[in-house]
Amino acid sequence: MRKSCGKCRAPLFQAEDLKWFCLSCLAKEIERGDGPDDLGGPWKILEPRTRPITIRLSETDLSRAKSMARKLGKPYQTLLKEIIHEGVSERSPRWRRSRSA
């Protein structure tokens with residue numbers, strides 16, 4: 001005998017983690033969360049938002065970044081983003097203007 005959902009009486013299915021779920025109820029739950037302004041839960045956009053850009057780098061710098069990223073086990077774009085963030089952040093004294101001026 002198959003198990004059925006207590007809410008809608010549709011058949012239940014067992015996931016890999018051995019928990020039971022109802023496809024009908026799951027679909028309805030997903031549809032409810034698909035509103036244009038509903039960015040909560042696991043789908044919320046992390047702040048600060050990012051924007052795709054195009055940047056020209058020397059082949060040497062790009063090759064070095066890819067090599068470093070491979071050693072660190074992360075995508076090279078992520079590594080470049082981290083390097084840029086660190087370089088322009090308030091913590092970085094290298095490019096900060098002197099406040100005594």
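Taking region 42-80 only, how many residues are among the basic types (Lys, Arg), at pLDDT 90 or above and within 24 Å of the chain's Cα centre (by Cα)?
Of the residues in region 42-80, 4 are among the basic types (Lys, Arg), at pLDDT 90 or above and within 24 Å of the chain's Cα centre (by Cα).
So, in region 19-41, exactly how many residues are modelled with pLDDT of 80 or more and part of a loop (DSSP other than H, G, I, E, B)?
1
The values are calculated or read from the model by the stated rules, or taken from the named source; none is laboratory data. Because the structure is a prediction, the values reported are computed rather than measured.
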